[in-house]
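Okay, so here's the structure we're looking at.
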Amino acid sequence: MSILEIVKYGDPRLRKVCKTVKDYLVLPDIVSNMYDSMYEAEGIGLAANQIGIDLNLFIIDITHLEEVEEPAEFVNGKIVDSHRETTFSEGCLSIPGVEFDIKRPEFITLQYKKLDGSQHEQEFGGLYARAIQHEIDHLNGKLIVDHVSSIAKMCYKTLLKEIKENAAYHYSDLLKNSGVTRF
């Protein structure tokens, strides 16, 4: 399908809570584009808002890292339980070159729907649970920088500022070229 540009830190679309998916017929094309975009960026997970789509939808593929049978898509996901915290280094496709040690629950229970609209509830652990939590954060307008102290961010101060400024410039160009009038 298509490789789409990953929305970067500083773009206001990353700070919105994403809309609930209601029309499942549009999902196959979106998901195909998401996989193409994620693989091109060498990621293991991607939320729809990271490619500029305001939907509660994310994908995960850790098949090359853990014994997981296949990539998976999650629609309207919600974490309903979690336990036992661990700390692990996380990066983000929307904040390239930046990694932080993030404390998250090691095990989660997720309620979600599949692309066909069927309802599921499943427990996930380890890297899978961490990746899901990372993508759920995106869908709720939260980024890895929100999990760390100002001191931790100081290590990346210049890079974060540069990414943020470039994203703001790109977003204003996007609005200007879309014909949207801003007041």
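Taken together, the values in this text are just the output of simple stated rules run on the coordinates, not laboratory data. Note that this is a predicted model, so its numbers are computed, not measured. Backbone-built Cβ (ideal geometry, glycine too); neighbour counts: all protein chains shown.
Listing for the model above:
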{"read-out": "Which numbered condition VAL17 misses (of (1) crowded, with 16+ Cβ neighbours inside 10 Å; (2) more than 17 Å from ILE163 (Cβ to Cβ); (3) out of contact with any Leu (no Cβ under 6 Å at 6 or more places or on another chain); (4) in contact (Cβ under 8 Å) with a residue 40 or more places away in the chain)", "value": "(1)"}
{"read-out": "Residues within the range 119-141 that are assigned to a strand (DSSP E or B), surrounded by 17 or more Cβ atoms within 10 Å (Cβ to Cβ) and either in contact (Cβ under 8 Å) with a residue 40 or more places away in the chain or among the acidic types (Asp, Glu) (or both), tallied", "value": "0"}
{"read-out": "Every residue from the range 109-148 that is over 21 Å from ASP54 (Cβ atoms), of a type in the set (A, V, I, L, M) and over 17 Å from the mean Cα position of the chain (by Cα)", "value": "VAL148"}
{"read-out": "Given (1) buried (at least 19 other Cβ atoms within 10 Å of the Cβ); (2) assigned to a helix (DSSP H, G or I), index of the condition GLU162 fails", "value": "(1)"}
{"read-out": "Residues (touching a Leu at 6+ places or on another chain (Cβ under 8 Å) and hydroxyl-bearing (Ser, Thr, Tyr)) located in the range 88-124", "value": "SER94"}
{"read-out": "Every residue from the range 86-118 that is under 20 Å from ILE163 (Cα atoms) and among the aliphatic types (A, V, I, L, M)", "value": "LEU93, ILE95, VAL98"}
{"read-out": "Number of positions in the range 81-115 that are more than 27 Å from ALA41 (Cβ to Cβ) and loosely packed, with under 13 Cβ neighbours inside 10 Å", "value": "4"}
{"read-out": "Criterion violated by GLU69 - all others in (1) in contact (Cβ under 8 Å) with a residue 12 or more places away in the chain; (2) of a type in the set (Asp, Glu); (3) surrounded by fewer than 16 Cβ atoms within 10 Å (Cβ to Cβ) satisfied", "value": "(1)"}
{"read-out": "Cβ pairs under 8 Å, 6+ apart, first in the range 85-100 and within 15 Å of ALA129 (Cβ to Cβ) and touching a residue at least 40 places away in the same chain (Cβ under 8 Å), second of a type in the set (Asp, Glu) and surrounded by fewer than 13 Cβ atoms within 10 Å (Cβ to Cβ)", "value": "PHE88/ASP101; GLU90/ASP101"}
